[in-house]
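Asks: Sharing a structure with you now.
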C-alpha cells in the first residue's frame, strides 16, 4: 500500500502530484467563486458533499465559514483567480498563461471546473495530468523573474515595467511555488521570495 503524500510528510522541493494539484484547484475555485460573488451557501454544500472541505486551508476555511466576509476578504479571494489559472496551466487545462500584466478571464473556470463544467469531481481528480517537472520549474523561473522585476522597481522607487503587474505575478508566483513544492510549504505558508 502506498502512503498518501500530505503536507506533513512532504519532501521539500518535491513537485506536487496531479491529484494534489487537481484537488487544490477545486478547493481554490470555490474560494475564488465566492470572491467573485457566487453563492457561498451552494459552494459550502458542494464542498462538503464532494469531500473537498478537507482540502481547504485554514485561511480558506475562515472565508468559507464567514457568512458576512469583509470586502477585503472577498477582494483577496478574487485575486486568487491568478493562482488558480496557474494550477490549471500546470494540469494542462490551459495552454498558455496571459502576459504578466494581463488578468485572467475568470469565465474560463466555469468551462473547466466542477460544479459548473460537465465533469464530476472524482473524474476531474482521477483524470488529472501534469506538465513535466522541467516545464513547471521553467515556468517558476519565468514568474520569479517577472515578480523580481516588479519588486525591484518598487524597492528602488521606479515605475514598474509595463509588461508586469505585481499583483498578478505575486499570485501566480505563489501558485507555481506551491506546485513545485518550494521548501515543502503548505498553501497558506508558501513564500514568493525574489
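Asks: So residue 137 clears everything in (1) in contact (Cβ under 8 Å) with a residue 40 or more places away in the chain; (2) assigned to a helix (DSSP H, G or I); (3) under 15 Å from residue 171 (Cα atoms) except one condition, right? Which one?
Replies: (3)
Asks: Scanning the range 144-183 for residues that are part of a loop (DSSP other than H, G, I, E, B) and touching a residue at least 40 places away in the same chain (Cβ under 8 Å), which turns out nearest to residue 132 (Cα to Cα)?
Replies: Of the range 144-183, the ones part of a loop (DSSP other than H, G, I, E, B) are 156-165, 180-181.
Applying the additional criterion that residues be touching a residue at least 40 places away in the same chain (Cβ under 8 Å) yields 162-165, 180-181.
Details: 162: 30, 163: 26, 164: 25, 165: 27, 180: 11, 181: 14 Å.
Among them, the one singled out is 180.
Asks: In this structure, does residue 113 turn out to be in contact with a helix residue (DSSP H, G or I) (Cβ under 6 Å, 6 or more places away or on another chain) and either within 21 Å of residue 36 (Cβ to Cβ) or in contact (Cβ under 8 Å) with a residue 60 or more places away in the chain (or both)? Break it down into steps so the answer makes sense when it comes.
Replies: Details: in contact with a helix residue (DSSP H, G or I) (Cβ under 6 Å, 6 or more places away or on another chain): yes; either within 21 Å of residue 36 (Cβ to Cβ) or in contact (Cβ under 8 Å) with a residue 60 or more places away in the chain (or both): yes.
It is true that residue 113 is in contact with a helix residue (DSSP H, G or I) (Cβ under 6 Å, 6 or more places away or on another chain) and either within 21 Å of residue 36 (Cβ to Cβ) or in contact (Cβ under 8 Å) with a residue 60 or more places away in the chain (or both).
Asks: Looking at the range 33-49, can you tell me whether even one residue there is within 14 Å of the chain's Cα centre (by Cα) and within 26 Å of residue 146 (Cα to Cα)?
Replies: Of all residues in the range 33-49, those within 14 Å of the chain's Cα centre (by Cα) come to 33, 35.
Narrowing the set further to residues that are within 26 Å of residue 146 (Cα to Cα) leaves 35.
Taking every residue of the range 33-49 in turn, at least one turns out to be within 14 Å of the chain's Cα centre (by Cα) and within 26 Å of residue 146 (Cα to Cα).
Asks: Within the range 16-41, track down each residue that is surrounded by fewer than 20 Cβ atoms within 10 Å (Cβ to Cβ), touching a helix residue (DSSP H, G or I) at 6+ places or on another chain (Cβ under 9 Å) and touching a residue at least 60 places away in the same chain (Cβ under 8 Å).
Replies: 18, 19, 36
Rule-based calculations on the coordinates, nothing more; no lab input. Predicted model only: the values in this text are computed from it and were never measured. Neighbour counts are summed over all protein chains in view; Cβ atoms, including those assigned to glycine, are modelled from backbone coordinates with ideal geometry.
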